[in-house]
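Before any comments, here is the structure.
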There are 2 protein chains.
Amino acid sequence: MDKKDTALSATDAMLPAHQRRTGRIGSLHEFQQRAARYDGQSLNGPSNDRKVPIAALLRDEAVSDTYIQVGSGRRGSDGSDFLETFRNYGGRRSISGVSLFGGERGRALDKHAYYCRQLKAVSFLILLGVIGGPLNYGIRILYNHLIELREWLVDQAPDYTSKLAVWTAHTVVFSGLGLFFTQLAPVAAGSGVSQMKSILTGIDPRMYLPGYFDLSTFLAKVAGLVCSVGAGLIVGTEGAYVHIMSIVTHHLLKTPLFKGFSVHLNGRLQLLAAACAVGVSSLCSSPIGGVLFSMEVTSTYYLTSNYIKAFISAVSGAVMLRLTLVLAQSKSNLATQAVLKTQFPASPFTIWEIPLYVLLGALLGLLRTAMMWFLRTVAERRSACRKSSQRWKQVLATWIDPLVVAVLTAVLTFVPGEYAQHNSMDDLAILFTEGDLPSTWQVVSKYYALSVLSAVFMFLLPLCITLKIPTGIWVPTFIAGAAFGRMFGEVIATLFPAINVTPGTYALAGAAAFGSAATRALSVAVITLEITAAMSMILPLFCASLAAMAVSNLFKEKSVYDTLLVVSGLPFLPLIDFEPTTTAGDIVEPCLVYITKKTTIARVL
Amino acid sequence: MDKKDTALSATDAMLPAHQRRTGRIGSLHEFQQRAARYDGQSLNGPSNDRKVPIAALLRDEAVSDTYIQVGSGRRGSDGSDFLETFRNYGGRRSISGVSLFGGERGRALDKHAYYCRQLKAVSFLILLGVIGGPLNYGIRILYNHLIELREWLVDQAPDYTSKLAVWTAHTVVFSGLGLFFTQLAPVAAGSGVSQMKSILTGIDPRMYLPGYFDLSTFLAKVAGLVCSVGAGLIVGTEGAYVHIMSIVTHHLLKTPLFKGFSVHLNGRLQLLAAACAVGVSSLCSSPIGGVLFSMEVTSTYYLTSNYIKAFISAVSGAVMLRLTLVLAQSKSNLATQAVLKTQFPASPFTIWEIPLYVLLGALLGLLRTAMMWFLRTVAERRSACRKSSQRWKQVLATWIDPLVVAVLTAVLTFVPGEYAQHNSMDDLAILFTEGDLPSTWQVVSKYYALSVLSAVFMFLLPLCITLKIPTGIWVPTFIAGAAFGRMFGEVIATLFPAINVTPGTYALAGAAAFGSAATRALSVAVITLEITAAMSMILPLFCASLAAMAVSNLFKEKSVYDTLLVVSGLPFLPLIDFEPTTTAGDIVEPCLVYITKKTTIARVL
């Protein structure tokens, strides 16, 4: 039986990663069942016959070692030979860090096959963008229709109370619908970025999230996303896009044409990282930010040849998005220029304002820490409730809790006034202008409106994104940060009129800083630059973002993605900090669990 | 003696990287001398006593293996325990991919020391920028003075012939001066990027480039750079800045305060990568491009925690550059906004023009291949001449050749007319406008002027950058690409007036594409975006750059940096391409040279 096992795993190792059977366990339930079955015989398993092959291996190694030594000893008779060999060696190799799929053309045995492979790789990357751009556009159209439907319904209602009732009903109905779709494929819930972090460390998501790449998950994710964003919940879209694009990539890799790419796990991961870049890039046509985001999601080491691949896909996605917008004759700004075209003077800030931007960033870093504490608490409570064996707790977690959140969201976004009734970014360009805010923001006072808006978003975001629906994180943090930043700018402008600040620039810096601090990804600041096309604001934006990240680094709350990753118990490779005084004993786990090629499942369990 | 050697190397391993003695060999000459001395006794050296420790090591490994197996077997009695341990393990760890110096605060034994170290690291990174910004400004001021001097001298000359004579004399004198300064510290020659590529793979540059980090090299580099750029040679500055910043970093790391950072080679490399980012970023205030450039220079794997460090330094450098400009009351655009503020309409291109940009990129990819072939030929010829034992060849290489190049450069930049008499970017903003070119460009015809300008730069760049002077590559490729792109745009505008193109946008795309293709670094396109603040041009720019890189990838010419690296025979770790059918035998060198801890120098040589 042992022999058969080995043969099986050897065959499996030659199969493409997505077809292997050894790693695949249908569900956690099945896993535990197997565990229970093997439990009795696991103590004295096949541990005895392991010493022989290791010893043999060792003997082999010793032999080859000696052989090579003799070889190098013989060659060493000429002093300059070593250096010469070294140089020749170097000269023969292509070393560009960014060449398409490594260098080494000279060594490829079959040039035709090499070029074919290159062409196929580039087509795959472009194809990712070609699918991603229109797909994202389609999803956007759908949820925008839902939002428009709500506005139309509210307009029909005669008085304030019925308007509020209609508004709330719409949110509750579509949240419920989103929840229902997600129940059909539970892995579709949440942002896709946490899972992507886990996947890019090399862990196959089907091990712990059965059906993660299934077509039904794809449908549930799209339908759930459209409903949850269309319902007006405080959720974004970019994380969900990342998941959607990774499912597309998985299925493209299964087609006969592209089958070869998933032979190596590494190649597969590179393409998944490119998919992640497309997901972000085709959201708002921000290729640089998309690539950097896919890089920051990779936890420890980034293979630099991923970089150019991610760029090809991201640019293709951004071009296709714009092409789709033009073909669809969309009236969105995005069709011709940046999503949020800002209107700032030619020199929107002076170098002396930099400390003010840093202060804004630091304040947002503190707020971010508070929000992250709340998020973790909410996520842990919900997770405990869902796992609870008590029936009422499960019902609470599955149905009552989302209902409460939906009603709360509806009320809190409707009651403050018109300015809070937006959950998309397009309407918020008003914050990033030179002039004063419009009258709808000034009903009570602009300070009041801005603080309410940022407080509502910061409070509702943790509640909404931990629901079992497809979500993203970036758009709400962008809006909350922008409102807070604008308020900061307005306060400075009122208190110190001598400085002559432009409050809109603080809104922009706040949006970038809060987003960066929440996701711990500086690429958010780059995305902000790309979507607002305010390149002259690059220095204040980065100063604020770095300050926010530095302050949030002082506290032990992790980024949104890492928090969700830990709370949901997904496996991942942690980043280990080493100090000069750290020894190996400080780093290793005292209770090590490890698996060799021959370890059977029985022994592990 | 063997024992003493081991003891010595053990002590050395505990010293900071820059103080180790085992790796350090004063000069190549010394290295070869040692080689000659040890030559006789190397054949039957201490190769016999090596089997024992290896066997011992193997036995140890087998023992610990069994031990761990038993351990995991015992733990496995409970089915859910494995998963639980896994999750707890994850929960206890901080995994943010971008936290400042790794995560793992919880494990730090001494929190105070941990925060101190963080603070020191951040101050170091900021300090790099604080030094880099003003330093770059100072160098810029100096060479601008030289260029102004030339203009003033030419203005004094009465007729065309004497103007040409004065122009040529200025170029020859200052090229000669630059050459003289570089002779004082020969490692100061060339761009610093090739060396940085080698350094970031972990190779200590003092092994093969003695004095690379010396203060005298610093002075020679600065003086040589000022002279060569001030002389009007077709060279850039960014590579030299990278070298200058790496010397600064090396010396900062030797100060008592920051000594701890170079204990680990890894930490040292991270800070050198940050220095590279500062070098690029403080050139034109382009932090994103600087960080991406430092990433692309890293050949294979990029540690993602470098990313945030590089950003801190790059932003600090950019802020300090702007602060210096403001304090110096500079009239440069850079003081308040982007270096090359472009003037484009709100929607400078339509999506249907994308194929045209791709075509432009492909053409520039071809031109780049031709230029790179010329560069490699020139560099190899020069290298052969310098190494030649014939006296006249050495004189030719050292003195006659630079003289010829200087005269050629002076004549070719003066004769065509006023439009060719710029080698800085500031005067070329005119190419990136909506309107027509000014009259100085139209003396013969604008097509003539633009083709001459790009041809002159593409021809002179390979000649100039392989001289033994401090150089950079980026600015000349930028100008050549911009001129070619503008010509392409003008031709399209004339031939197909129906498309209604803006020729200036093609100039921008051409500049980005030619720079990217020459350096094989897409960060050049990002830098172009940053310095022109033309964010709305992001899609055409990237499409052109990717097309140029794809076309140049079809030919076997490497990037400028890799070509220089190979020609100058610097050691590096090559990037190996693996195809599905590749076996280990295809990748390994048949004549392997490898070194164990016990190998003496004698055995290697």
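Quick one: would you say residue B:182 is part of a helix (DSSP H, G or I), open to solvent by less than 20 Å² (accessible area, probe 1.4 Å) and touching a Ser or Thr at 6+ places or on another chain (Cβ under 9 Å)? Criteria met by residue B:182. Based on this model, can you work out whether residue A:367 counts as free of Cβ contacts under 8 Å to residues at least 60 places away in the same chain and either among the hydrophobic types (A, V, I, L, M, F, W, C) or outside any helix (DSSP H, G or I) (or both)? For residue A:367, the condition - free of Cβ contacts under 8 Å to residues at least 60 places away in the same chain and either among the hydrophobic types (A, V, I, L, M, F, W, C) or outside any helix (DSSP H, G or I) (or both) - is not met.
This table checks each residue for (1) in the same structural domain as residue A:143 (by the TED database); (2) within 14 Å of residue A:130 (Cβ to Cβ); (3) of a type in the set (A, V, I, L, M); (4) without any contact (Cβ under 8 Å) to a residue 40 or more places away in the chain.
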{"position": "A:241", "(1), (2), (3), (4)": "yes, no, no, no"}
{"position": "A:255", "(1), (2), (3), (4)": "yes, no, no, yes"}
{"position": "A:263", "(1), (2), (3), (4)": "yes, no, yes, no"}
{"position": "A:278", "(1), (2), (3), (4)": "yes, yes, yes, no"}
{"position": "A:294", "(1), (2), (3), (4)": "yes, no, no, yes"}
{"position": "A:302", "(1), (2), (3), (4)": "yes, no, no, yes"}
{"position": "A:305", "(1), (2), (3), (4)": "yes, no, no, no"}
{"position": "A:315", "(1), (2), (3), (4)": "yes, yes, yes, no"}
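Looking only at region B:409-458, filter to residues that are aromatic (Phe, Trp, Tyr) and free of Cβ contacts under 8 Å to residues at least 60 places away in the same chain; which one of those is nearest to residue B:161 (Cα to Cα)? Residue satisfying both the conditions and the ranking: B:419. Applying the criterion of being open to solvent by less than 20 Å² (accessible area, probe 1.4 Å) and assigned to a helix (DSSP H, G or I) to the residues of region A:550-570, the residue that is nearest to residue A:379 (Cα to Cα) is A:563.
Within region B:112-125, residues that are more than 11 Å from chain A (Cβ to nearest Cβ) and open to solvent by 20 Å² or more (accessible area, probe 1.4 Å) have Cβ atoms under 9 Å from residues that are of a type in the set (Lys, Arg) and part of a helix (DSSP H, G or I) in no pair, counting only partners at least 6 apart in sequence or on another chain. For region A:306-349, residues that are facing chain B (nearest Cβ under 7 Å), modelled with pLDDT under 75 and under 28 Å from residue A:544 (Cβ atoms) total 3.
In region B:188-205, which residues are closer than 15 Å to residue B:242 by Cα and either assigned to a loop (DSSP other than H, G, I, E, B) or of a type in the set (Asp, Glu) (or both)? Even if it seems obvious, please write down each step before you answer.
Filtering region B:188-205 for residues closer than 15 Å to residue B:242 by Cα gives B:188-200, B:205.
Within region B:188-205, B:189, B:191, B:192 meet the criteria.
Each row is one residue, and each column tells you yes or no for (1) crowded, with 23+ Cβ neighbours inside 10 Å; (2) in a helix (DSSP H, G or I); (3) assigned by the TED database to the domain that holds residue B:371.
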{"residue": "B:427", "(1), (2), (3)": "no, yes, yes"}
{"residue": "B:444", "(1), (2), (3)": "no, no, yes"}
{"residue": "B:457", "(1), (2), (3)": "yes, yes, yes"}
{"residue": "B:475", "(1), (2), (3)": "yes, yes, yes"}
{"residue": "B:478", "(1), (2), (3)": "yes, yes, yes"}
{"residue": "B:482", "(1), (2), (3)": "yes, yes, yes"}
{"residue": "B:488", "(1), (2), (3)": "yes, yes, yes"}
{"residue": "B:498", "(1), (2), (3)": "no, yes, yes"}
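When region A:295-311 is filtered for residues that are among the hydroxyl-bearing types (Ser, Thr, Tyr) and part of a helix (DSSP H, G or I), the ones remaining, listed by number, are A:304, A:305, A:307.
With the requirement that a residue be facing chain A (nearest Cβ under 7 Å) and more than 14 Å from residue B:506 (Cβ to Cβ), what does region B:539-549 give you? Before the answer, list the steps.
So the first thing to find is which residues in region B:539-549 are facing chain A (nearest Cβ under 7 Å), and the list is B:539, B:542-543, B:546.
Within region B:539-549, B:542, B:546 qualify.
Residue B:261 meets the conditions (1) farther than 30 Å from residue B:453 by Cβ; (2) under 17 Å from the mean Cα position of the chain (by Cα); (3) modelled with pLDDT under 85 in every case but one. The failed one is (2).
Reported count of residues in region B:257-305, each being surrounded by fewer than 24 Cβ atoms within 10 Å (Cβ to Cβ), among the polar types (S, T, N, Q) and more than 9 Å from chain A (Cβ to nearest Cβ), is 2.
Scanning region B:185-208 for residues that are over 26 Å from residue B:142 (Cβ atoms), among the hydrophobic types (A, V, I, L, M, F, W, C) and open to solvent by 10 Å² or more (accessible area, probe 1.4 Å) yields a count of 3.
The values are calculated or read from the model by the stated rules, or taken from the named source; none is laboratory data. The shown structure was predicted, so the numbers you read here are calculated from the model rather than taken from an experiment. Every residue, glycine among them, receives a Cβ derived from its backbone with ideal geometry; neighbour counts consider all protein chains shown. Heavy atoms of the whole protein, side chains included, go into the accessibility calculation; ligands, DNA and RNA do not. Shrake-Rupley method; radii C 1.70, N 1.55, O 1.52, S 1.80 Å.
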